[in-house]
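Data first, discussion second: the structure below is written as structure tokens.
Please treat every number below as a calculation from the coordinates, not as lab data. The shown structure was predicted, so the numbers you read here are calculated from the model rather than taken from an experiment. Cβ coordinates were reconstructed from backbone atoms using ideal geometry, including for glycine residues, and neighbour counts include every protein chain displayed.
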Amino acid sequence: MGAAPLAGRIALVTGVSRAAGIGDAIVTRLRADGASVLATGWAAHDDAMPWGGGSPARAAAARPQADGADLVYLSADLADAAAPAGLVEAAVDRFGAIDIVVANHARSGSADLLDVTAEELDACWAVNTRASVLLAQALARHHDPTRAGGRLVLFSSGQHLAPMPGELPYALSKAALQGITRTLADRLADDGITVNCVNPGPTDTGWADAATHAAVAGMFPRGRWGQPDDAARLVAWLVSDEAAWITGQTIDSEGGFRRWR
């Protein structure tokens, strides 16, 4: 690959609300490869989670502070059905086109079968599944098929490899994305857009407590968690010309994770 394999490409990356997250690593890598990026996140969700940091000042300092020639940041709640189309349109307005959508965002939902509520099921589906499909729709409507490099990258989890009974709303909504990848790939193939799904495995983004961190690290052959940069490198390859022949695939990039341990 050349020094700037994504020169001239326009990307939208969702789930960019924390400097320690996968989204931020993807944005950094795509920009380094020459792409212009519209990044978006919904920090209100992260701030309400244990990893939000508690301090509003700390959380605000961790968010992207960017507005320049090749990067703009917009806050958007993907629970709003109008948000996906609005974000794609904003990228086209700002940069003149849209080539790449990386749907990295996620709403966490921890509940088992007896505890789960209809409200949490609906919320996870709206953000994780519905918003991703609406992003695909907006990409199809606005991508110019004469431009090279149409790409859609979805993010799933490990629910297709092992059960996740304590995270039912999250696992269900992510399973739907993994399951729809081939269908979206077929639908968008004639539009010059490839579609692939990434399962990054357990990734160290600061959410785990010390005991969980140590236990999970022991399940990896190298004794370390996946890092945001591991996922970012895979995404950068999938959206490059080098991966133009890859579509409809779910890629489990887990570093040999031994979940059975």
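Summary table below
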read-out: 5 angstrom amide H check on Val198, placed H, neighbours 5+ away; value: Leu154, Phe155, Ser156, Ile251
read-out: Calculated from backbone phi, Karplus (6.51, -1.76, 1.60) coupling profile of segment 72-88 in Hz, x at Gly/Pro; value: 9, 10, 10, 7, 8, 8, 6, 6, 7, 4, 7, 5, x, 5, x, 5, 4
read-out: Residues whose placed amide H lies under 5 Å from that of Glu167, excluding near-sequence neighbours; value: Ala111
read-out: FRET efficiency for Ser253 and Asp190, using Cβ-Cβ distance with R0 set to 35 Å, rounded to 0.05; value: 0.80
read-out: Residue-by-residue Karplus 3J(HN,Hα) for segment 141-156, coefficients 6.51, -1.76, 1.60, Hz, glycine and proline x; value: 6, 10, 6, 7, x, 7, 7, 6, x, x, 9, 10, 10, 9, 10, 10
read-out: Label corresponding to Rg and Dmax of the Cα atoms in Å when calculated from the structure given, among (1) 17.5, 53; (2) 17.9, 56; (3) 44.0, 165; value: (1)
read-out: Computed over segment 16-252: relative contact order in percent, which uses C-alpha pairs under 8 Å that are six or more apart; value: 22 percent
read-out: Length-normalised contact order for segment 140-261 - Cα pairs under 8 Å, 6+ apart - percent; value: 33 percent
read-out: Qualifying trypsin sites (Lys or Arg not before Pro) for segment 153-244 [loop in DSSP, other Cβ within 10 Å: at most 10]; value: Arg222
read-out: Residues with amide H under 5 Å from that of Gly226, placed H, sequence gap 5 or more; value: Asp204
read-out: 3J(HN,Hα) from dihedral phi, segment 238-245, Karplus parametrisation 6.51/-1.76/1.60, rounded to Hz, x for glycine, proline; value: 4, 8, 8, 5, 4, 10, 4, 8
